[in-house]
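Contents: one structure, followed by commentary.
Bear in mind that the values in this text are calculations on the coordinates, not laboratory data. In this text, all values refer to a predicted model and were calculated from it rather than measured experimentally. Cβ: placed from backbone, ideal geometry, glycine included. Neighbour counts: every protein chain shown.
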Amino acid sequence: MIKSMTGFGRAEVADASRKFTVEIKSVNHRYLDVNIKLPKTLNFFESAIRSLLKEYIERGKVDVFISYEDYTEENYSLKYNAGLAEQYMTYLKEMAEQFGIENDVRVSTLSRYPDVFVMEEQSPDEQKLWAGLEQALRQAAVQFVESRIKEGERLRADLVEKLDGMISYVDYIEERSPQVLEEYRMRLESKVQELLGDRQLDDARIAAEITIFADKICVDEETVRLRSHILSMKETLLAGGGMGRKLDFIAQEMNREANTILSKTTDLKVSDVGINLKTDIEKVREQIQNIE
């Protein structure tokens, strides 16, 4: 199987206490680039999240969105600051004695003084949090990988079809090349005959000219290498696994051979086929950029 670098996965894990929602989506990228957006409460899990995702993803620009809801009432606790309350009472008593007024402070009044009672956020149970988060992450990652595989299979089918079409172009160029040479020989003989009239043709000179022309337009080596590259890419696609970088290299070599063929040919029919070949190679290069 092969994987596309375009994918999407979503999972939700919830119980009576909390709920985790994870969404993963990606596009093509030369390397693995992970961007994680998560609540402040879960910030200390970022490194663990990245390590987990590497088990499922090799390449791509990946965006991970994590939301968290806590249904418990254990997040905060009320703290009574007895020392501060005692200081308040001490100073209030001094004020009453200093100014000769009644100290009428009641408990309800004292409790409203700043910081006598404070709400403290409790440290979360990291083990419980990670258990739920990991479950959601893995479920989303599995779905994400499945979507990449489905897209990858569609990509492979289309690429194999294009490669088969390229082989037919190479076949045509190889079949057409001897005809181009023969047509050149006939045109050359006709031109020389026209110039010389009834005088005898110099067969040796004609043969030499044809040989020079044949050397200039010969693309045998290029078509052999191009056919080999096309078959190599097809075999790589059928073998499966991580192959994006290898395919990109093969496509560059295919493009180089196609350019050489176009630069050598003087035949309009071969040029047309060469242009079609180069167009398909460019399409293939674009598509394999999305293979992991």
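About its Cα centre, the dipole of region 1-130 is roughly 1060 debye, where the only charges are +1 on Lys and Arg Cβ and -1 on Asp and Glu Cβ.
Among rounded, prolate and oblate, which fits region 1-46 when a ≥ b ≥ c are the square roots of the eigenvalues of its C-alpha gyration tensor, a/c under 1.5 means rounded, and a/b larger than b/c means prolate? Please list the in-between numbers first.
Numbers: a/c = 3.74, a/b = 1.72, b/c = 2.17.
Because a/c hits 1.5 or more and a/b fails to exceed b/c, region 1-46 counts as oblate.
Would you mind computing Rg(Cα) / (2.2 N^0.38 Å) for region 49-112, counting N as its residues? If you can, show how the numbers build up before the last one.
Working: Rg = 27.1 Å, N = 64, 2.2 N^0.38 = 10.7 Å.
Here the Cα radius of gyration is 2.53 times the empirical estimate.
Here the spin labels are modelled as points 7 Å beyond Cα on the Cα-Cβ line, and at R154 and V142 they lie 2.3 nm apart.
Taking 7 Å steps out from each Cα toward its Cβ at D115 and E134 produces label points 4.0 nm apart.
Is the shape of region 249-292 rounded, prolate or oblate, going by the alpha carbon gyration tensor and its root eigenvalues a ≥ b ≥ c, with a/c under 1.5 for rounded and a/b larger than b/c for prolate?
On the way: a/c = 5.55, a/b = 2.22, b/c = 2.51.
Note, shape of region 249-292 comes out oblate.
For region 37-165, the relative contact order comes to 31 percent (Cα pairs under 8 Å, sequence separation of at least 6).
Within a 10 angstrom radius of the beta carbon, how do F117, F20, F44 rank from fewest other beta carbons to most?
Numbers: F117 15, F20 25, F44 12.
Final ranking by Cβ density, sparse to dense: F44, F117, F20.
Note on region 76-121: the alpha carbon radius of gyration divided by the globular reference 2.2 N^0.38 Å gives 1.32. Other residues whose C-beta falls under 14 angstrom from the C-beta of L92 contribute a net charge of -2, scoring Lys and Arg +1 and Asp and Glu -1.
Expected output is a single nm value to one decimal: the length gained when fully extending between R245 and R176, i.e. 0.36 nm times separation in residues minus the C-alpha distance. What is it? If you can, show how the numbers build up before the last one.
Details: separation 69, 0.36 × 69 = 24.84 nm, distance 3.38 nm.
Value of the extension gain: 21.5 nm.
If contacts are Cα pairs under 8 angstrom and at least 6 residues apart, what is the relative contact order of region 76-121 in percent? The partial results should precede the final answer.
Values: 34 pairs, mean separation 31.2, N = 46.
Relative CO of region 76-121 lands at 68 percent.
FRET efficiency for the Q252 to M1 pair, using the beta carbon distance and R₀ = 22 Å, is estimated at 0.35.
To the nearest 0.05, what FRET efficiency results for R50 and N103 with a Förster distance of 35 Å applied to their C-beta separation?
Working: r = 60 Å, r/R0 = 1.73.
Computed FRET efficiency for R50 and N103 comes out at 0.05.
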